[in-house]
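Notes follow the structure.
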Amino acid sequence: MPTPSMEDYIEQIYILIEEKGYARVSDIAEALSVHPSSVTKMVQKLDKDEYLVYEKYRGLVLTAKGKKIGKRLVYRHELLEQFMRIIGVDEENIYHDVEGIEHHLSWNAIDRIGDLVQYFQEDPKRIEMLRNIQKRNEQAEE
C-alpha cells in the first residue's frame, strides 16, 4: 500500500491526467504546493513501485495499478466531502478537514461512510431531519 504522501501524489496525478490529459512535474508541484525537486523524487519512487511510468523530460503515465488507486483515492476524497456537507460542516472547513482525516480511515470505514451518504441522499428529508436536530442542539447550547 502507498504511504499517505504517495497517495497525495497519485491522487493529484490522476486528477491532472483526467482534467488535462497529462501531468507534468511542474503541474504536480503547483497543485501540491511543493518544490519540483520533491515531485521528481516522489515520481521516481512511484515509478519504481510501478504506480506510474516516468521518463525524464517526457512526462509520466499512470500504470493500471496507479489508475485504479488514483480513481479510488479521488472517490474517497469526494465521498468524504459529501459526508462533511451532509453532516453540516462549514464549507470553508471541508477541504482541510478531509485532508486531515482521509489517510487515517480504513477502507472499511470509507465503505460505511459511503453507505451513510447513500442513505441520506436517497431521501432528502433525512438530511432535513438531521439539520433540524442540529438546530435544536445549537439552540439548547445557547
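The values are calculated or read from the model by the stated rules, or taken from the named source; none is laboratory data. Please read all numbers here as calculations on a predicted model, not as lab measurements. Cβ sites come from the backbone with ideal geometry, for glycine too, and all protein chains shown count toward neighbours. Keep in mind that these areas ignore ligands, DNA and RNA; they rest on the heavy atoms of the full protein, side chains included. Shrake-Rupley method; radii C 1.70, N 1.55, O 1.52, S 1.80 Å.
Couple of notes before you dig in:
- Rg/Rh for the chain, where both radii come from Cα atoms and Rh is the Kirkwood radius: 1.09
- Computed over protein heavy atoms with a 1.4 Å probe, the accessible surface of the chain works out to 66 Å² per residue.
- MRE, 222 nm, helices only [DSSP H, n ≥ 4, -39500 (n - 2.57), over the chain, to nearest 500]: -24500 deg cm²/dmol
- Share of carbon and sulfur in the accessible heavy-atom surface of the chain [1.4 Å probe, %]: 51 percent
- Placed amide H near residue 52: partners under 5 Å, 5+ positions off or other chain: 47, 63
- For segment 4-69, the equivalent ellipsoid derived from the alpha-carbon gyration tensor has semi-axes of 15, 13, 12 Å in decreasing order.
- Relative contact order (percent, whole number), segment 4-69, Cα cutoff 8 Å, 6+ residue spacing: 30 percent
- Cα point-scatterer Debye curve for segment 75-142, base-10 log of I(q)/I(0) at q = 0.22 Å⁻¹: -0.98
- When each of the peptides 85-96, 25-36 is scored by how many other beta carbons lie within 10 Å of its residues on average, the order from highest to lowest is 25-36, 85-96.
- With θ taken as phi - 60° and the Karplus curve 6.51 cos²θ - 1.76 cosθ + 1.60 applied, the whole-hertz 3J(HN,Hα) list for segment 120-131 is 6, 6, 5, 9, x, 5, 5, 5, 4, 4, 4, 4 Hz, x standing for glycine and proline.
- Normalising the average separation of contacting C-alpha pairs (under 8 angstrom, six or more residues apart) by the number of residues puts the relative contact order of the chain at 19 percent.
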